[in-house]
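This report concerns only the one structure given below.
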Amino acid sequence: MATAVQPDYETIIIGAGVAGIYQIKRLVDLGIHATVLEAAPDLGGTWYNNRYPGARFDSESYTYGYSFSKELLAEWHWKEHFSAQPENLRYLNFVADRLDLRRHMQFGCRVEAARFDSDNDLWRLRVSDGRELSCRFLILAVGLLSVPTLPRIPGREDFRGRAFHTFDWPHEPLDLAGKRVAVLGTGATAIQLIPEVAKKAAQLTVFQRRPNWAAPLNNRPISEEEMDGIRARYDEIFATCDRSPYGFVHEPDRRGFREVSREERIALWDRLYDEPGFAIWLANFLEIFSDEEANAELSAYLANRIRQRVKDPVLAEKLIPRDHGFGVQRVPMESGYFEAYNRDNVRLVDISETPIERITERGIRTTEGESEFDIIVYATGFDAITGAYDHIDIRGTDGEALRDKWRDGPSTFVGMMIHGFPNLLMPNGPQSGSASTNYPRGIEVGVDWCTRLIEYMRAHGHLRAEPTREAEERWAAHVAEMYQKLLMRKAKSWFTGYNSNIEGHEAGRIRYFIYNGGMPKYRKIIQGIAHMGYEGVVFDGAGNPAGTTTSPAQAAGMASS
């Protein structure tokens with residue numbers, strides 16, 4: 001693409017995680033001069049940083065790996081149905097090394113600011129190492145859960161022992177033997193962590209703000225013979241993921257909830273509870289996501305399963321959520337989580353009853369008194385979806401900061417472009433299908449769409465692409481409409497922008513962070529937009545007469561025509 005001002009790179013990708021690795025691969029294959037800037041010392045994204053005991057996939061390993069290369073699928077042997085962090089990081093390194101992608105990556109490079117230069121249709125970046133770089137396209141592959149949040153509790157700096165967020169778990173071995181450990185939080189990360197710490201620590205105290213539903217992961221090893229069978233079925237496995245609303249091998253039960261007797265429903269739930277992975281959540285009746293009565297019946301079933309697994313009946317009741325039903329927010333998967341509370345060395349502190357007053361030099365003080373600890377672990381969640389974007393000073397055509405545009409919640413065009421921020425692409429952005437699906441299945445769709453847009457622009461000599469305000473508003477309305485159909489709209493979840501550790505993100509107005517229409521519908525919509533010459537997108541600042549007429553539903557229809 002000829003231009004008076006040549007940028008340093010045609011494309012810069014921020015982030016060398018699952019999305020960034022596939023994105024650079026697609027660009028390199030097209031001969032595009034591109035690089036990846038990664039703040040961490042090496043690639044891997046979430047699997048580089050999250051090294052806490054118990055960290056592992058909650059989607060089947062063989063559905064999490066990339067699907068784009070038959071050679072990679074043939075060469076890699078997953079060792080477990082739900083692979084642990086060390087193996088996951090080895091896998092991503094295997095992919096990058098096998099495809100010779102490292103030479104296109106720069107590590108220890110934190111992007112501090114990005115400003116769009118309207119005069120030259122370029123992005124100008126300021127990097128933490130002092131460099132200023134320019135590019136035609138800026139692709140943000142920054143991750144959905146990559147900015148940890150610490151609790152707003154006074155005294156955190158006073159503690160004289162070791163304290164860290166799970167995201168910053170030490171990379172060197174940490175000996176927990178004989179240690180008094182506190183874990184703050186009982187979300188998805190803590191539910192993986194707590195059983196592992198309980199096995200090693202002399203004393204574990206869990207501080208719970210609100211309980212979460214959880215279901216058994218039912219993990220097990222994969223033998224050589226079983227892996228051979230998986231390789232032979234990869235086409236079938238990925239086809240099932242493509243049909244599934246959320247990109248997993250679990251497809252919903254299409255029978256009507258009330259068409260099935262109570263006895264049959266219980267029999268189904270007994271079977272699903274003992275199956276691996278998200279079966280009890282995603283292979284269930286569709287009504288559990290939208291029907292209050294159906295969800296309440298399933299929630300009562302799950303509550304009874306918790307009571308069966310926790311010996312102390314009073315404690316069991318404290319572990320059962322009362323403020324939301326099962327499956328209306330992402331379900332944590334666990335391995336012995338509830339049984340951990342049966343151990344003599346594990347204690348639960350319900351801070352709704354005995355609030356934390358402060359962190360002290362020696363430990364944690366609640367309204368009942370002070371407890372001393374050697375280690376405090378903050379499993380207190382993330383500034384989800386938009387946090388990583390907010391940490392970069394991104395400014396568009398009128399100088400507006402993206403964090404200001406998104407102050408009350410993100411607004412995007414199909415989750416991958418933003419009005420006022422030309423040539424900024426987000427294969428896994430807020431309100432995209434990638435944010436609500438089996439992650440690699442979603443990012444492959446997003447990366448491919450972004451890449452084809454760049455190909456289209458190169459083929460037609462375009463230097464600049466930006467969605468119209470109207471197209472962005474239509475997408476925002478469609479995303480909001482999808483929320484109204486589901487019980488999720490009531491949940492205190494990062495799916496709805498809730499995080500009590502972030503000022504302004506407490507319970508209140510919903511932020512529409514993810515696309516809830518399901519991956520098949522999302523895929524049809526974005527394919528339809530591309531089929532119509534990227535309707536809703538303005539190229540080179542010119543008008544797009546057709547860009548304000550087509551709804552997401554019409555775009556989906558075009559895709560399937």
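Below is a table of values for the structure above.
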read-out: Signed unit charges on C-beta, dipole axis of the chain, positive-most listed residue Y246, N93, I351; value: I351
read-out: Helix 519-531 axis, angle to the chain major axis (alpha carbon atoms, nearest 10°); value: 10 degrees
read-out: Net charge of Cβ neighbours under 12 Å - reference T240; Lys, Arg +1; Asp, Glu -1; value: -2
read-out: Segment 254-294 versus segment 369-397: alpha-carbon centroid distance in Å; value: 35 Å
read-out: Segment 318-371: GluC sites (Glu not before Pro) in DSSP loop, at most 14 other beta carbons within 10 Å; value: E353, E361, E368
read-out: Carbon/sulfur fraction of accessible area - segment 197-301, other protein chains in place, 1.4 Å, %; value: 50 percent
read-out: Pairwise centroid distance, computed over Cα atoms, of segment 323-368 with segment 191-206, Å; value: 11 Å
read-out: Nearest-20 debye value, the chain charge dipole, Cβ charges on Lys, Arg, Asp, Glu; value: 460 debye
read-out: Environment charge at T468 (Cβ cut-off 11 Å; Lys +1, Arg +1, Asp -1, Glu -1); value: -3
read-out: Long-range HN-HN contacts of I394 with modeled amide H, under 5 Å; value: A114, L402, R403
read-out: Using alpha-carbon coordinates, inclination of helix 234-243 to the longest axis of the chain, degrees; value: 90 degrees
read-out: J(HN,Hα) series, segment 161-178, from Karplus relation 6.51 cos²θ - 1.76 cosθ + 1.60, nearest Hz, glycine and proline x; value: x, 8, 9, 6, 6, 4, 4, 9, 3, x, 6, 7, x, 10, 7, 9, 4, x
read-out: Ranked packing of 77-85, 280-288, 189-197, 164-172, most packed first, by mean Cβ within 10 Å; value: 189-197, 280-288, 77-85, 164-172
read-out: Other-chain or far-sequence residues with amide H under 5 Å of G363's (modelled H); value: F373
read-out: Angle in degrees between helix 85-98 and the longest Cα principal axis of the chain, rounded to the nearest 10; value: 20 degrees
read-out: Magnitude of the charge dipole, segment 145-269, Cβ model with Lys/Arg +1 and Asp/Glu -1, debye to 20; value: 900 debye
read-out: Around G161: net Lys/Arg minus Asp/Glu count, Cβ-Cβ under 10 Å; value: +2
read-out: Solvent exposure of segment 242-401 as accessible area per residue, Å², 1.4 Å probe; value: 43 Å²
read-out: Hits among lysines - C-alpha to C-alpha of K200 under 22 Å, sequence gap 8 or more where chains match; value: K179, K311
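The values are calculated or read from the model by the stated rules, or taken from the named source; none is laboratory data. All figures in this text were calculated on a predicted structure; none of them were measured in a lab. Here the Cβ is made from the backbone with ideal geometry for all residues, glycine too, and neighbour counts use every protein chain on show. All accessible areas refer to the heavy atoms of the entire protein, side chains included, with ligands and DNA or RNA removed. Shrake-Rupley method; radii C 1.70, N 1.55, O 1.52, S 1.80 Å.
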